[in-house]
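I'd like to ask some things about the structure below.
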Amino acid sequence: MRKELCALDLETSGLDIQNDAIIEIGLVRLSGGLIVDEYATLINPGFQISAETTHITGIQQDDLRKAPLLPQILPTITAFAGNAPIIAHNVKFDLGFMRRFGCLKQNQAIDTLEIASILLPKAPRYGLSALTEMLEIQLENAHRALADARATALLYWKLYEIACALPKNLLQEIHRTGRELNWDLADFFEQAHQEAADRPIRFQWLSQPVPAPAPDRHIAESPRSIEAEKLANRLSEDGPLAKILPNYESRPQQIAMTEEIAQAFNAGEHLLVEAGTGIGKSLAYLTVAAEWAIQNRERVVIATYTTHLQEQLQQNDGPIVSELCSEPLAIAVLKGRANYLCPRRLEALRRRRPANLDELRVLSKIMIWLDQGGSGDRNELTLRGPENNTWNRLSAQDEGCTTVRCSASMQGVCPYYRARRKAEAAQVLIVNHALLVSDAMREHRVLPDYQMLIIDEAHQLEEAITNGLSRSKERR
């Protein structure tokens, strides 16, 4: 919005709105993206502040002794803000303190935290410092009221510019439903809609080609052995890996682990390896898995506990190992259905419109994410607390939906269907422990066929098995 706004930030003696006190206030007037006026003052709380408060804010008790009491400056605050909308990062906190004393009760509230969580769906964190760094906004003195108020004002304007770059019909859909639900941000999105470019929503996943059917895999009765020493040499100090990785350091434990895994594959034996941090175990077992999969035309499954490791294997280590292979390596990640967005459920929610603000926030966030190139994989999206409940109602975790039905009704656009097709075509398939356990419980109908399995982060496997086999019964 281009009309005048007032950014507010408080430093307080604690987080309890009803019992803690304001010790500093900063106000900034914003007009057309420019700061036009400022006001800041320390406030004497009438008691000794804690050492923790001093540590966080840098405000000393001596600084507060000569400061005015809050009732003395409330008229100045009211006059400065006027009837302008109040912007704050987590506005319920700042306005909660002010309204406790009867101040700024009639001003519209605008929360930059809420706006950021919608417009920046992939941001890893939504704290003020993290967002200012991400958007290259200067914040020299964090946790001081005036500096944070300035940063909040500039953050608001950056977010408004981001909103104005969204498709006009998407913004119209958001603000129209926001009006129906009396949302504080309806004005923000309506103003952005008036200034937005008239372009259609771009859901790139809908135009991506459906992955090709998986090639037939005939598991040989007698698989061809792989050369353990040859694979170990790839990871040696003067081997091929050292030539493609700068500053590569060969590790004896990594080489030994590679040889042991290769021998276990050849013999069809179980192998338990305890590998400490830093020896490069993922490159060791990936090197073996890739060679076995390529040589025998047989899929190898790797199960991990954390999503972070799955990403590392697919995006970092996998491509490195592929360069060492005789042919390109097909690697895919498959997760449980709850990790993928269901386009049928998404469109159903858009047609009926969100019933509450929680649904509206998450729907807005998801559509913006998809317009920005989101694939439908939940791991790309940052969801906070209750937002996960709405996601669950939009995910592909639907007992009535089968792969065949999805293929027929959605023409292959479903992210889970696409992930499944990629998994069936993969030579190395990466899954999590939970999906591995689910596959075992369902007589191996969850994952594509495989014979060779590597379990990383195995110390977490017991928990996954316990969770997978546990059933809870609600008391009535």
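The values are calculated or read from the model by the stated rules, or taken from the named source; none is laboratory data. Just so you know, these numbers come straight off a predicted model, no measurement behind them. Backbone-built Cβ (ideal geometry, glycine too); neighbour counts: all protein chains shown. Only protein heavy atoms, including side chains, enter the accessible area calculation; ligands, DNA and RNA are left aside. Shrake-Rupley method; radii C 1.70, N 1.55, O 1.52, S 1.80 Å.
Output the peptides 278-285, 233-240 sorted from most to least packed, where packing is the average of other Cβ atoms within 10 Å over each peptide's residues.
Top to bottom by mean Cβ count within 10 Å: 278-285, 233-240.
Give me the Kirkwood hydrodynamic radius of the stretch 254-389, using the inverse of the mean 1/r over all pairs of distinct Cα atoms, in Å to one decimal.
This gives a value of 18.0 Å.
Another one. With Cβ to Cβ distances under 13 Å as the rule, what net charge do the other residues near Lys168 carry (K, R +1; D, E -1)?
Taking every Cβ under 13 Å from that of Lys168, the sum is -2.
Share of the chain's accessible area from carbon and sulfur, percent, 1.4 Å?
That fraction is 47 percent.
Return the equivalent ellipsoid semi-axes of the stretch 1-157 as a descending list in whole Å, where each equals the square root of 5 times an eigenvalue of the C-alpha gyration tensor.
24, 19, 14
On to the next question. Could you tell me the center-to-center distance, by alpha carbons, between the stretch 61-139 and the stretch 320-345 in angstrom?
Taking the Cα centre of each part, the stretch 61-139 and the stretch 320-345 sit 43 Å apart.
Using only helices, what value at 222 nm comes out for the chain when you add -39,500 (n - 2.57) per DSSP H run of length 4 or more and divide by the total residues, to the nearest 500 deg cm²/dmol?
It comes out at -13500 deg cm²/dmol, rounded to the nearest 500.
Taking the highest mean first, how do the peptides 89-102, 123-136 order by number of other beta carbon atoms within 10 angstrom per residue?
On the way: 89-102: 18.3, 123-136: 15.5.
The packing order, highest mean first, is 89-102, 123-136.
Another question, then. Keeping all protein chains in place, calculate the accessible area per residue for the chain (probe 1.4 angstrom), answer in Å².
Here the per-residue accessible area is 50 Å².
Only one of the listed values, [x] 24.7; [y] 29.1; [z] 23.2, was derived from the coordinates as mean projected area of the Cα convex hull in nm²; which label is it?
[y]
What angle do you read, to the nearest 10 degrees and between 0 and 90, between the alpha-carbon axis of helix 281-296 and the longest principal axis of the chain?
50 degrees
Taking Cα pairs under 8 Å and at least six residues apart, what relative contact order does the chain come out at, in percent? All intermediate terms of the calculation are to be shown ahead of the outcome.
On the way: 732 pairs, mean separation 70.3, N = 476.
Relative contact order of the chain: 15 percent.
Please go through the residue pairs Lys281/Lys335; Lys158/Lys422; Lys281/Lys365; Lys3/Lys168; Lys105/Lys365; Lys3/Lys66 and name each one whose alpha carbons sit more than 32 Å apart in this structure.
Lys158/Lys422; Lys281/Lys365; Lys3/Lys66
Another question, if that's okay. How many percent of DSSP beta bridges within the chain run antiparallel, rounded to 5? Before the final figure, lay out each step's value.
Values: 18 of 35 bridges.
Bridges in the chain that DSSP calls antiparallel: roughly 50 percent.
Quick one: dipole size for the chain, taken about the Cα centre, charges +1 on Lys/Arg Cβ and -1 on Asp/Glu Cβ, in debye to the nearest 20.
Numbers: 52 positive and 61 negative charges, 424 e Å.
Using Cβ point charges on Lys, Arg, Asp and Glu, the chain gives about 2040 debye.
With a cap of 13 neighbouring Cβ atoms within 10 Å, and only residues DSSP puts in a loop, list the GluC sites (Glu not before Pro) found in the stretch 1-35.
Hits after loop and neighbour filter: nothing returned.
Shifting gears a bit: Please compute the net charge surrounding Asp377, taking Lys and Arg as +1 and Asp and Glu as -1 over other residues with Cβ under 10 Å from its Cβ.
Once positives and negatives cancel, what remains is +2.
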